[in-house]
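Quick notes on the structure that follows.
The values are calculated or read from the model by the stated rules, or taken from the named source; none is laboratory data. Predicted model, so just to flag it, every value in this text is computed and none were measured. Neighbour counts are summed over all protein chains in view; Cβ atoms, including those assigned to glycine, are modelled from backbone coordinates with ideal geometry. We work out accessible area using only protein heavy atoms, side chains counted, and drop any ligands, DNA or RNA first. Shrake-Rupley method; radii C 1.70, N 1.55, O 1.52, S 1.80 Å.
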Amino acid sequence: DDLKRINGVGPKFEQMLNDMGVRTFAEIAGWSQATVDSVEAKFGFKDRIDREKWVAQAKMLADGRFDEHELIYGRGKD
């Protein structure tokens, strides 16, 4: 999946996620709060994933609701 479609994930964060083995929307959609906290600690930022709603966006994208996602969150990074 193109993780850059998640608003808040640019090329740098996509590469960091890929380096962690995260490559699909479904993986992010299934993150628990503990996983979110762990990823934020690893990336060195706090509350960004929750604030930017990465998990909710990933759920929508994993379900193939691309048009709805774009209406709500925009296109993300290309």
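The table for this structure:
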| item | result |
| --- | --- |
| Residues being touching a Leu at 6+ places or on another chain (Cβ under 8 Å) and either open to solvent by 80 Å² or more (accessible area, probe 1.4 Å) or assigned to a loop (DSSP other than H, G, I, E, B) (or both) - total across the range 6-16 | 2 |
| Residue tally, condition of a type outside the set (A, V, I, L, M, F, W, C) and either in contact with a Pro (Cβ under 7 Å, 6 or more places away or on another chain) or within 12 Å of residue 6 (Cα to Cα) (or both), over the range 24-66 | 5 |
| Inter-residue pairs, beta-carbon under 9 Å, first over 11 Å from residue 30 (Cα atoms) and open to solvent by 60 Å² or more (accessible area, probe 1.4 Å) and in the range 46-60, second in a helix (DSSP H, G or I) and hydroxyl-bearing (Ser, Thr, Tyr), 6+ apart | 53/73 |
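Here is a yes/no grid of residues against (1) under 12 Å from the mean Cα position of the chain (by Cα); (2) modelled with pLDDT under 95; (3) basic (Lys, Arg); (4) part of a helix (DSSP H, G or I):
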{"site": "26", "(1), (2), (3), (4)": "yes, no, no, yes"}
{"site": "37", "(1), (2), (3), (4)": "no, no, no, yes"}
{"site": "42", "(1), (2), (3), (4)": "no, yes, yes, yes"}
{"site": "58", "(1), (2), (3), (4)": "yes, no, no, yes"}
{"site": "61", "(1), (2), (3), (4)": "yes, no, no, yes"}
{"site": "69", "(1), (2), (3), (4)": "no, no, no, yes"}
{"site": "76", "(1), (2), (3), (4)": "yes, yes, no, no"}
